[in-house]
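Structure record follows, encoded as structure tokens.
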Amino acid sequence: MCSNKILYQPSTDPLRIPQSGNKRRKKMTLQQVMRTTDCLRLLGNRMEMPIISVSRLIDGKNLYPALYKMVFAQPELSKVQLANRMQKLLYEV
């Protein structure tokens, strides 16, 4: 299990300006935000890397639209199921 020190460590990369445009296309509820954040934390814990690195990995493989689609279209999925599906997508791409 990854320690909080590793999981929440700051990035060594220079600060990036967010891209213009919104990949979600609509607002998220608090529960959807919590499930998405928990999914990223679980992935970081499994991969033993900081959350920011997991986020950049997902962004680099252009998988955020797939994550948001799962969060919006399948509200019955738990955070563990979301993490499992995202991990599967990360290794497929």
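The values are calculated or read from the model by the stated rules, or taken from the named source; none is laboratory data. Since this is a predicted model, take the numbers as computed values, not measurements. So basically every Cβ, Gly included, is an ideal-geometry build from the backbone, and we count neighbours across all protein chains shown.
Consider residue 80 carefully, then state whether it is surrounded by 15 or more Cβ atoms within 10 Å (Cβ to Cβ), assigned to a helix (DSSP H, G or I), at negative phi and at pLDDT 90 or above. No, not satisfied. Among the residues of the stretch 48-66, the ones that are assigned to a helix (DSSP H, G or I), touching a residue at least 40 places away in the same chain (Cβ under 8 Å) and not aromatic (Phe, Trp, Tyr) come to 5 in all. Got at least one residue in the stretch 26-46 being surrounded by 11 or more Cβ atoms within 10 Å (Cβ to Cβ), under 14 Å from the mean Cα position of the chain (by Cα), at pLDDT below 90 and not in a helix (DSSP H, G or I)? Checking the stretch 26-46: not a single residue is surrounded by 11 or more Cβ atoms within 10 Å (Cβ to Cβ), under 14 Å from the mean Cα position of the chain (by Cα), at pLDDT below 90 and not in a helix (DSSP H, G or I). Within the stretch 50-71, if we keep just the residues that are of a type in the set (A, V, I, L, M, F, W, C) and at pLDDT 90 or above, the residue that is farthest from residue 34 (Cα to Cα) turns out to be 57.
Considering the stretch 67-77, the residues that are without any contact (Cβ under 8 Å) to a residue 40 or more places away in the chain and part of a helix (DSSP H, G or I) include one that is farthest from the chain's Cα centre (by Cα), namely 73.
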